[in-house]
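Peer 1: Take a look at the following structure, please.
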Amino acid sequence: MTLANLMPPGQLAPDFELIDINEKLVRLSSFIGSKPVVLAFLRGFM
């Protein structure tokens, strides 16, 4: 990945959904209007 591929700070992330630790499907857009969201993608975590 190059710096040209990175999203600039403040830009809205594309919507996506993942399964949480309780095996519940969670969609990023479900947090709109509530609390700020911080995403951390840990490479090689699992």
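Peer 1: Of all residues in region 1-11, count the ones that are at pLDDT 80 or above and of a type in the set (A, V, I, L, M).
Peer 2: Adding up the residues that qualify gives 0.
Peer 1: Still on this model: Counting only residues that are among the charged types (D, E, K, R) and out of contact with any helix residue (DSSP H, G or I) (no Cβ under 9 Å at 6 or more places or on another chain), which one in region 14-43 is surrounded by the fewest Cβ atoms within 10 Å (Cβ to Cβ)? Break it down stepwise before answering.
Peer 2: Quick first cut of region 14-43, residues among the charged types (D, E, K, R) only: 15, 17, 20, 23-24, 27, 35, 43.
After this cut, where a residue has to be out of contact with any helix residue (DSSP H, G or I) (no Cβ under 9 Å at 6 or more places or on another chain) as well, the list is 20, 23-24, 27, 35, 43.
Numbers: ASP20: 8, GLU23: 6, LYS24: 8, ARG27: 11, LYS35: 6, ARG43: 4.
In this case the residue turns out to be ARG43.
Peer 1: Moving to a separate point now. Just a yes or no: is a residue in region 16-37 hydrophobic (A, V, I, L, M, F, W, C), under 12 Å from the mean Cα position of the chain (by Cα) and at pLDDT below 80?
Peer 2: No: zero hits.
The values are calculated or read from the model by the stated rules, or taken from the named source; none is laboratory data. Quick caveat, the model's predicted, so the values are computed rather than measured. FYI the Cβ positions are ideal-geometry reconstructions off the backbone, even for glycines, and counts take in every protein chain you see.
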